[in-house]
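To start, the structure under review is shown below, and the notes come after it.
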Amino acid sequence: MASGTESELKFELSRDEFDALKDSSRLTDIAVGPARVDRLTTLYFDTPDERLRRSGASLRVRRSEAGFEQTVKIGGDSGSMLARRTECNVAVPGPEPDLDAIPDDDIRAAVVEALAGEAVVEAFTIAVERTSRTVTTTAGDTVDFVLDDGSVTTGDRREDLLEAEFELIDGDVQALFQVAATVLQGKPVRFSRTVKSERGYALLAGEGVGARKPLKAVAAPIDEGMTVEEGLRSILRSCVAQIAGNLPVVLESDDPEGPHQLRVGLRRLRTALTVFKSVVDPAAAARLVEDVRWLGQEVGTLRDLDVLAEEIIAPCAGYTDMSALETIIARRRGTVRGQVRSVLSGARTGSFLLGLAAYAETRGWLSDVDVEQSAKLSAPLEEFATAVLQRQWNKVVKTGRRVDELDPEERHDLRKRFKKLRYSIEFFEPLLSRREVRRIHRDTKRAQEILGYLNDVRLAHGLDDLVRDGGGKGRVSVAAARAIGFCQGWHEAHAKYVWEDARQAVALEPMRF
């Protein structure tokens, strides 16, 4: 019988990645003892209307060579890459669950309350061949490394399951990230934020995993009673989730929304690190910013091509023949997409993702030399947020007063300030009054649209060089040159109209938060 809180990292694998890890000699160097192979069949139970799932609990009975074990798991932080759930295990005589056998009074009460008198039935089955190794770090931490090769089934539906898990058995949670970095070195890092039970429920609903979809930013859970450090962690987790969720989309699909949302996630992270600059260790933050800037530039190259194709060239296709230019850009997009995928699959990106998750989950912002840091981190988040937003709003107002004097580069800088302001507002929106939120959205939405379009038009001016770089031998066909000229002229004229018609929208009025 065991009860406690599990801490684990989980990763999705392809078949080739799975086989390479299973046969990796690197494991021999860090593991203690031989690999253990177990065949496990786990039955998950719930009411027909899924009361346990809706309450955040799961109930399962696992069959192995050792017999039957019942496990209840509750809680967990959905915003974290590091899975932490309270679990309670107990041996049972057979494959049927026994609620009276749950040894933890609080957990048993929570399950009974969730069920509200309804009986449970078998919902789905997960069967895996589990290969386990125990790893001991030089600091004495113990981590179980597990490879699961199996499937999820319910009725006549079935879905393959290939995962790597790292579970902390004893020691510091930092060890999980250290061991994962060692084992996954050189492999694409795809965090699995879907616990096995959620895979089963998705299959039960007829959904399955299916094609990955781009992930937009999810608001960080923020409330008035938080400290600065609690707000920092919540916002960082939101950024990590968006970055980690969109990286596989770019690897596996041509959906242009994938690179867009990945770049948005990286920009939100840079904004967060800037917003909290005064309370975090500068050296650790600087290392993250360097990698964020690098990765953002790599992904940004592809995103700029997507914008050119869909928002600059496509609107002109209704007026003149764009086919020659479209062909060149499509070929260039394919080449750059392949380059970006190589980057995202590479060691530096994997190291960055694991380091970023570790930073968010293990208080990587702590400083050894800032004696005032504890006081700053424990200060009320609401006061901190008010000062941040006021400062950023004032900067935008100051630049906006010179709106008629701004050259294209200054407009671009103003756009970046607007974006930083927008992301900061989104971070702290729960702390603002409804009146403030309505005014902010009214005053900033139109300005962001205008400045965003004007920035996209700047891309059109680089079409000549881009086509020559991608077309070979420095030559541009007459048809492509004609299309480029039309695009540049059409958007330049449209941009002047947009700017003249709505330029005052970027001149924000002073405001007190």
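No lab work stands behind these numbers, since they all come straight from the coordinates. Just so it is clear, the model here is predicted, and its values are computed rather than measured. Positions of Cβ are backbone-derived with ideal geometry, glycine not excepted, and every protein chain shown enters the neighbour counts.
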Exercise. Just how far, in whole angstrom, is the stretch 380-449 from the stretch 150-195 if you go by their alpha carbon centroids?
Worked result: 40 Å
Exercise. How large is ³J(HN,Hα) for each residue in the stretch 453-460, as worked out from phi by the Karplus curve 6.51 cos²θ - 1.76 cosθ + 1.60 (θ = phi - 60°), to whole Hz, x for Gly and Pro?
Worked result: 5, 4, 5, 4, 4, 4, 5, 4
Exercise. If you put +1 on each Lys and Arg Cβ and -1 on each Asp and Glu Cβ, how big is the dipole of the chain around its Cα centre, in Debye rounded to 20?
Worked result: 2260 debye
For this session: With θ set to phi - 60°, apply the Karplus curve 6.51 cos²θ - 1.76 cosθ + 1.60 along the stretch 370-382 and write out the HN-Hα couplings as whole Hz, x wherever there is a Gly or Pro.
Result: 7, 6, 9, 4, 4, 5, 5, 6, 8, 5, x, 5, 4
For this session: Go through (i) 78, 54, 48; (ii) 95, 65, 40; (iii) 67, 64, 45 and flag the label whose value is the computed Cα extents along the principal axes in Å for this structure.
Result: (i)
Seminar exercise, completed: Expected sort for 213-221, 406-414, 231-239, 8-16 on mean C-beta neighbours within 10 Å, highest first, is 231-239, 8-16, 213-221, 406-414
Exercise. If you take the beta carbon distance between Glu409 and Lys213 as r and set R0 to 35 Å, what does 1/(1 + (r/R0)^6) give as a FRET efficiency, to the nearest 0.05?
Worked result: 0.45
Exercise. Glu449 to Val478: FRET efficiency via 1/(1 + (r/R0)^6), r the Cβ-Cβ distance, R0 30 Å, to the nearest 0.05?
Worked result: 0.30
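Let me check against my output: what whole-number percent is the relative contact order of the chain, with C-alpha pairs under 8 Å and at least 6 apart? Don't skip to the answer; put the middle values down first.
Details: 779 pairs, mean separation 70.6, N = 513.
RCO, the chain: 14 percent.
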Seminar exercise, completed: The ³J(HN,Hα) series, computed from each phi in the stretch 306-313 with the Karplus coefficients 6.51, -1.76 and 1.60 at θ = phi - 60°, rounded to the nearest Hz and given as x for glycine or proline, is 4, 5, 4, 5, 9, 10, 10, 7
